[in-house]
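Working notes, structure below.
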Amino acid sequence: MAPVPATAAAAAAPAAVVSTHEIRRAQRADGPATVLAIGTANPETCVPQDEYADFYFRVTKSEHLPELKNKLRRICNKSGIEKRFMFVNDDVMEAHPEFADRHLTSLDARVEIVSKVVPELAAAASAKAIAEWGRPATDITHLIFSTYSGVKAPGGDRLLASLLGLRPTVSRTVLSLHGCYGGGRALQLAKELAENNRGARVLVACAESTLIAFYGPEVGCNDTIIGQALFGDGSGAVIVGADPVGAVERPLFEMAFASQATVPDSEGAITMQHKKGGMDYHIGGGVPEMLAGSIERCLADAFGAIGVAARWRDLFWAVHPGGRRILDLIEEALGLDNGAMAASRQVLREYGNMSGTTVIFVLNELRRRFVADGAEGADWGALMAFGPGVTVETILLRVGSGLKGN
């Protein structure tokens, strides 16, 4: 009798009895998701805030509206911002004068530009994060790309993966039009992926460009003037993974819990929509007050869910700096000292509001401060981001061993 081939014998052998619960447990990580590396990037063009009104009214050929120019100058002076970075410059506006008028058809031209420059900016930030991480880019298993500029397919995630040399099997996800809470949403999704897929290493890349929503001023349209005083361009990247490899990976922050909440009766407070003249956005009055009135409940619910008693004054803070007034009112609502949100104010001062990517810059600034000053005494902290909905993202953090060793 001829011998049975090994493959056939294996096929004929009864399968081991393994429950789906055992399979599920084997797929999960043992420990919590951690922030393993952070990278940031900005475009080359930098505009000082005290020169922005002159720049904006010049490139949009709107000098015939001096009252609006003075209004923008006053808002800029009170914004707490010193400079911003952006792709919009004289060359762009000379090539596309239609960008100055929101009533002209320009969405196709805008998308053509941002579909290239936004993923490239994300690649610059991601490359820094990967270099800091210390492992090859091919070890990335998941990619989450968040932007409000992506309105075509294949999208920026596909180009970003190619630019970074990620494996063809990398699992890609795009988050679109989350606005200023996009960074928080992407990080929460990364936490879930890392903790539920043993060995996963998730690259979060957020990148935004105001070019998709840049147009000239209009009498009676306060949204444009307010937005022009606040928003800038940038990209932030974070590598998230559980069960760090001791010889290589140094966890900066542990991600202990994450949640999302929607503020009641706030659906129309912040809106975004792509139209023929670019992305149209609306920021209603009372948003800072709305957030300040909801912030403590979001924090209490998050800490209560994990059974941790926390005093707000004892936490470190990575809060999206949507604007100076938002930070002021949140500090007041939580009874915090003036310096509690120093990292958020520093990022607002140096970069403005870069929408969803801003909170990653704040997390990086927090890391920088811990490295410079030591993380002794620091334990629990909160990352919070806000955007359309009105949506509040909350992630509870603990200082990781990679910072405690500094």
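Per-structure values
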{"quantity": "Accessible carbon and sulfur surface of the chain relative to its total accessible area, %, 1.4 Å", "calculated": "52 percent"}
{"quantity": "Folded to 0 to 90 degrees: helix 287-305 orientation relative to the chain principal axis, Cα", "calculated": "20 degrees"}
{"quantity": "Debye-sum result for the chain in log10 I(q)/I(0), which assumes one identical scatterer on each alpha carbon, at q = 0.07, 0.09, 0.10 Å⁻¹", "calculated": "-0.35, -0.55, -0.66"}
{"quantity": "Cβ crowding within 10 Å averaged over residues, with 33-45, 213-225, 251-263 ranked highest first", "calculated": "33-45, 251-263, 213-225"}
{"quantity": "Solvent-accessible heavy-atom area per residue, rounded to whole Å², over the chain at 1.4 Å", "calculated": "43 Å²"}
{"quantity": "Mean Cβ count within 10 Å, highest first, over the residues of peptides 283-292, 340-349, 236-245", "calculated": "236-245, 340-349, 283-292"}
{"quantity": "Degrees, to the nearest 10: 342-351 long Cα axis against longest axis of the chain", "calculated": "60 degrees"}
{"quantity": "On Cα atoms only, tilt of 182-196 relative to the major axis of the chain in degrees", "calculated": "0 degrees"}
{"quantity": "Rough spin-label spacing in nm, given labels placed 7 Å along Cα→Cβ, for Ile306 and Asp265", "calculated": "3.3 nm"}
{"quantity": "Residue-averaged [θ]222 nm for the chain, counting only DSSP H segments that reach four residues, each worth -39500 (n - 2.57)", "calculated": "-12500 deg cm²/dmol"}
{"quantity": "Highest-MSF residue in the chain out of Gly389, Gly31, Gly246 [GNM, Cα springs under 10 Å]", "calculated": "Gly246"}
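The values are calculated or read from the model by the stated rules, or taken from the named source; none is laboratory data. Since this is a predicted model, take the numbers as computed values, not measurements. Neighbour counts are summed over all protein chains in view; Cβ atoms, including those assigned to glycine, are modelled from backbone coordinates with ideal geometry. Keep in mind that these areas ignore ligands, DNA and RNA; they rest on the heavy atoms of the full protein, side chains included. Shrake-Rupley method; radii C 1.70, N 1.55, O 1.52, S 1.80 Å.
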